[in-house]
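The values are calculated or read from the model by the stated rules, or taken from the named source; none is laboratory data. Treat the numbers as computed from the prediction; the structure is a model and nothing was measured. Here the Cβ positions follow ideal geometry from the backbone for every residue, glycine too, while neighbour counts run over all protein chains shown. Accessible surface areas use protein heavy atoms only, side chains included; no ligands, DNA or RNA. Shrake-Rupley method; radii C 1.70, N 1.55, O 1.52, S 1.80 Å.
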Amino acid sequence: MGNMLIKTPNRIIQVGQRTIIMGIINVTPDSFFDGNKYRSAKEAVTEGMRMVEAGADIIDVGGESTRPGSLPIPLEDELKRVMPIVEALAGKIDVPVSVDTTKSGVARRAIAAGAEIINDISALKFDPLMSKTVAETKAALVMMHMRGTPKDMQSGDLLYTDIIAEIRSFFQGRLLFARQEGIQDEQIILDPGLGFGKTAADNLKLIKNLSLFQSLGRPLLTGVSRKSFTRSAIDEHPDERFEGTAAAVTASILYGSQIIRVHDVAAMSKLARVADSIARA
């Protein structure tokens, strides 16, 4: 895919020249990987600044776990977790802050505090006011594919007749909805939702076929970092999924992802540079 633009309230991000690195800051007690990692907001902010120094182009802050089986938390609890990080980082780093939330109340407060991207795993489906919030604030928006909710996404029948066609159709519908709500295409990033309501085989097939989503004309974000499907070939604990993550990140870049969402920014930034060199050889 050629060069594209992502517009935020404060900047224009060039996409396509190299892989964009989104560093993850989870301030949740029950995240599948880094729950309770940060004992204070100050520690989380320090880690965010380290990530930028290590090569992060975006810092994504999340206050509500989206691991399989997780339940939503009250708005005020999410605000207490997220806002101190956003307020501190937005004034100290020169890359955009993203907020991983499905709540328009969190999104609006975060954008007012300096956040520029809303990472909505529901693709504007959970909160009827989210589309208006994004349109009015002109924040960039990640729309992700997921069946159901985090509570039930991995339960029941996970069979797809044609997973690529289904997700393409989903994205086409959400793009149309976003346009009707006043959101510009240049604000939108698409995420196929690896690990969200898919089997390990589905996730691998999605990575291999990422190029089939490029005709939608928007940047693709993939989040494979330390997810369980990277164990399909090697048996690892979440704390030891580095090699599987590295392989999946490399494949995602080579098959067409322009943005990777990762925990290990320093290592994955170096890996991305090599993968980019191969992809553009």
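Quick one: of Lys7/Lys125; Lys138/Lys198; Lys7/Lys103; Lys125/Lys270, which pairs are farther than 25 Å apart, Cα to Cα?
Cα-Cα > 25 Å for Lys138/Lys198; Lys125/Lys270; rest within.
Would you mind calculating the relative contact order of the range 145-281 from Cα pairs under 8 angstrom and at least 6 residues apart, reporting the percent as a whole number?
22 percent
If you build a Gaussian network model of the chain, linking Cα atoms that sit under 10 Å apart, which residue out of Thr199, Thr250, Thr161 swings the most?
Answer for the Gaussian network model of the chain: Thr161.
In the calculated pair distance distribution of the range 109-163, what percentage of Cα-Cα distances lie above 13 Å?
Cα-Cα pairs of the range 109-163 separated by over 13 Å account for 66 percent.
What does the convex hull of the Cα atoms of the range 170-250 come to per residue, in Å³, rounded to a whole number?
It comes to 103 Å³ per residue, whole-number rounded.
Using only the Cα atoms of the range 53-183, what do you get for the radius of gyration and for Dmax, in Å?
Radius of gyration, then largest Cα-Cα span, for the range 53-183: 15.4, 47 Å.
Report for the chain the percent antiparallel among DSSP-assigned beta bridges with both residues inside it, nearest 5.
15 percent
Under a cut-off of 18 Å between alpha-carbon atoms, report the lysines in cross-link reach of Lys42, not counting same-chain residues fewer than 8 places apart.
Candidates past the 8-residue exclusion: Lys80, Lys92.
Could you check which residue among Gly148, Gly55, Gly197 shows the biggest mean-square fluctuation in a GNM of the chain with a 10 Å Cα cutoff?
With Cα springs under 10 Å in the chain, the top fluctuation among Gly148, Gly55, Gly197 is at Gly148.
Rounded to a whole number, what is D in µm²/s for the chain from Stokes-Einstein with the Kirkwood radius over alpha-carbon pairs (20 °C, 1.002 mPa s)?
115 µm²/s
Over the range 74-177, with the other protein chains present, what is the accessible area per residue in square angstrom, probe 1.4 angstrom?
For the range 74-177, the per-residue accessible area is 41 Å².
Compare Asp127, Asp100, Asp264 in a GNM of the chain, Cα atoms joined below 10 Å, and give the one with the largest fluctuation.
Looking only at Asp127, Asp100, Asp264, the largest GNM fluctuation is found for Asp127.
Around Thr8, what is the net charge, scoring Lys/Arg as +1 and Asp/Glu as -1 over all other residues with Cβ under 9 Å from its Cβ?
My count for the surroundings of Thr8 gives +2.
Counting only protein heavy atoms, what percent of the accessible surface of the chain is carbon or sulfur at a 1.4 Å probe?
52 percent
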